[in-house]
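Read through the structure below, which is laid out as C-alpha cells, and then see the notes.
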Amino acid sequence: MTRRSLLLSQQEINQGVARLAAEIARDYRGKNPLLIGVLKGSFIFLSDLVRRLDFPLEVEFLQLSSYGSGTQSSGRVRVLGRLGQPVKGREVVVVEDIVDTGITIAFLMDYLHRRHPRSLKLCALLDKPERRQVPVKIDYLGFTVPDRFVVGYGLDYNEQFRHLPEVWALEEE
Ligand code: PRP
C-alpha cells in the first residue's frame with residue numbers, strides 16, 4: 001500500500017476547520033468549554049482547531065486502547081491514563097479525527113457521559129458512514145469520506161503518514 005490519491009487538500013482542510021471553529025465559537029463562546037482530544041489521531045486537527053478559537057477554553061487528551069486492526073469487532077475499548085481534571089459540570093467537546101465503525105467514540109461518549117458533564121458534544125474531522133456498526137451522533141462534522149483507508153493530517157497506517165498535511169487514500173497495490 002504505497003500508492004495514494006489525494007482526498008482533501010490543505011486548502012479544503014483549512015476551510016473545513018475554519019467552518020467547524022465558527023460553529024463551536026457560536027455555541028461555546030463564554031462557556032469555557034473543555035475540549036478533549038482523542039490520541040493519537042486528533043493531535044493535528046485539535047491543534048489547528050483551537051488556534052482558531054479566540055475565547056477561553058481548556059484542552060485535555062485521552063488515549064484509548066486500540067481494539068485491533070478492524071478485522072476484530074469485539075468492541076472492547078479501554079481508556080489509558082486519566083483526564084487531568086474532572087468533567088463533572090463542564091461543557092465538553094470531544095475532538096476526534098475519524099469515526100469509522102463508531103465503536104471507539106461510542107465507548108468514549110458513554111464513558112464521559114457517566115461522569116456527568118453539563119453538556120457533551122462530538123466534533124469529528126472525518127466520517128466514514130459506510131463502515132458504521134454502532135450509531136453515533138456527530139455534532140460538528142468536517143467531511144464525509146468514502147470507505148477507503150485514509151491517512152495524513154494525524155491519521156496513520158502502521159504509525160506512518162500522520163505528518164502529511166493533506167488527507168490521502170491509500171491504494172491496494
Ligand atoms: C482510530 C481513530 C478513531 C478510531 C475510529 O484510532 O483515531 O479513534 O480509530 O475507529 P472506529 O470508529 O472503528 O472505532 P486508532 O485506534 O487507529 O488510534 P490512533 O488515533 O492512535 O491512530
Counted residues in segment 74-102 being aliphatic (A, V, I, L, M) and assigned to a loop (DSSP other than H, G, I, E, B) come to 3
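Okay, residues lined up against (1) among the small types (Gly, Ala, Ser); (2) touching a residue at least 12 places away in the same chain (Cβ under 8 Å); (3) closer than 23 Å to residue 129 by Cβ:
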site: 5; (1), (2), (3): yes, yes, yes
site: 24; (1), (2), (3): no, yes, yes
site: 91; (1), (2), (3): no, yes, no
site: 114; (1), (2), (3): no, no, no
message = Criterion first (in contact (Cβ under 8 Å) with a residue 12 or more places away in the chain, farther than 30 Å from residue 3 by Cβ and surrounded by 18 or more Cβ atoms within 10 Å (Cβ to Cβ)) does residue 38 satisfy it?
response = no
Scanning segment 151-173 for residues that are assigned to a loop (DSSP other than H, G, I, E, B) and small (Gly, Ala, Ser) gives 154
If you go through 66, 73, the only one that is surrounded by 11 or more Cβ atoms within 10 Å (Cβ to Cβ), more than 18 Å from the chain's Cα centre (by Cα), at pLDDT below 95 and at negative phi is 73
I'd like to check something: does segment 7-25 contain any residue that is in a loop (DSSP other than H, G, I, E, B), out of contact with any His (no Cβ under 6 Å at 6 or more places or on another chain) and farther than 30 Å from residue 171 by Cα?
no
Listed by first then second residue, the pairs whose first member lies in segment 9-22 and is closer than 9 Å to residue 49 by Cα, whose partner is polar (S, T, N, Q) and assigned to a helix (DSSP H, G or I), with beta carbons under 8 Å and at least 6 positions apart or on separate chains, are none
Restricting attention to segment 105-150, the residues that are within 14 Å of the ligand (Cβ to nearest atom), in a strand (DSSP E or B) and among the aliphatic types (A, V, I, L, M) number exactly 6
Worksheet item: Any residue in segment 14-32 that is within 11 Å of residue 166 (Cα to Cα), out of contact with any Ser or Thr (no Cβ under 9 Å at 6 or more places or on another chain) and modelled with pLDDT of 95 or more?
Response: yes
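The values are calculated or read from the model by the stated rules, or taken from the named source; none is laboratory data. Predicted model, so just to flag it, every value in this text is computed and none were measured. Here the Cβ is made from the backbone with ideal geometry for all residues, glycine too, and neighbour counts use every protein chain on show.
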